[in-house]
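First the structure, in the form of structure tokens, and then the observations on it.
The values are calculated or read from the model by the stated rules, or taken from the named source; none is laboratory data. Small disclaimer: the values here were computed from a predicted structure and weren't measured. Note that each Cβ is placed from the backbone with ideal geometry, even for glycine, and that neighbours are counted across all protein chains shown.
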Amino acid sequence: MHSDSEEKYQIATLVVWTITGLVIFFYAIIFLNPRVAFNPFKPRLSTATVLAALPTLPPTWTPTETTAPTPSTTPTLPATATLVIASPPTLAPATATIAPTLTSTATPRPPTRTPAPTAVAPPTAIPSAYAYRATLNCSHSGGTQIKGAVTSGGQPQEGVRVRVATSPDAATVVEEQFTRRQPDGSAAYAFVLKAVGAFDPPATWYVWITDGAGNPLSDPNFHFQTNNYGRDNPQACWLAIVDFAK
């Protein structure tokens, strides 16, 4: 029992000495550096101290005004000039002289030349909105036909679709063909409307060119009439030749 009490006493003594040593150690650090992190009573720097620690800038240089030397001699003004006004000369009274009145003589003018009439330029043809242009030639024949050739730049053009109808409406198309190479080298088409004889009364026909989608490539309003006039009549139109050129 006695030994346990001594052992506890020794442990307590060791703890006290340890705490005492730590306190002395911390105080020594605070003494050496009062602004250490664990010092709760750190000293604060005043504004004057901070300003004193800042580097001092040199004073601002002020230029010195230099006064020009005053000349010792005073300039002498020139003498005052005296203005002498002479008396104006006496003018003699003017004598009014009346000039004689001139009589104007009228000079006859030559007759005014009439400008020559300006020649009027012939009207310029309005370009067509279609690629192909049609031309018509009629003659007498044993039956009623419509035929012709198609060219592009003066060269025969095969495979061109040509329509014949009784109006510009596609719903009234009677027949359509593609141009083909002929023995004479042309690319032509031919519609036989009546193998023998002519239409009586005259019949109206519309002929135009279309593309693959049916869009007109020549004016669909181009039309003419075939008739039954005799052979000796210059207006006979049994055979209508309609050529298309591009």
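Give me the residue from the stretch 172-198 that is of a type in the set (Gly, Ala, Ser) and under 15 Å from ILE209 (Cα atoms) and, out of that set, surrounded by the fewest Cβ atoms within 10 Å (Cβ to Cβ). If we take residues in the stretch 172-198 being of a type in the set (Gly, Ala, Ser) and under 15 Å from ILE209 (Cα atoms), then ALA190 is surrounded by the fewest Cβ atoms within 10 Å (Cβ to Cβ).
At positive phi, over 48 Å from the mean Cα position of the chain (by Cα) and either in contact (Cβ under 8 Å) with a residue 24 or more places away in the chain or in the same structural domain as LEU239 (by TED's automatic domain parsing) (or both), is that true of GLY197?
Values: at positive phi: yes; over 48 Å from the mean Cα position of the chain (by Cα): yes; either in contact (Cβ under 8 Å) with a residue 24 or more places away in the chain or in the same structural domain as LEU239 (by TED's automatic domain parsing) (or both): yes.
So GLY197 passes the test.
Residues of the stretch 205-219 that are of a type in the set (S, T, N, Q) and over 27 Å from LYS194 (Cβ atoms): ASN215 alone.
Every residue, every condition in (1) loosely packed, with under 14 Cβ neighbours inside 10 Å; (2) not aromatic (Phe, Trp, Tyr), yes or no:
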residue	(1), (2)
GLY153	yes, yes
ALA170	no, yes
VAL207	no, yes
PRO216	no, yes
TYR229	no, no
ASP232	yes, yes
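Could you tell me whether the stretch 224-238 includes any residue that is outside any loop (DSSP other than H, G, I, E, B) and in contact with a Gly (Cβ under 9 Å, 6 or more places away or on another chain)? No, the stretch 224-238 contains no residue that is outside any loop (DSSP other than H, G, I, E, B) and in contact with a Gly (Cβ under 9 Å, 6 or more places away or on another chain).
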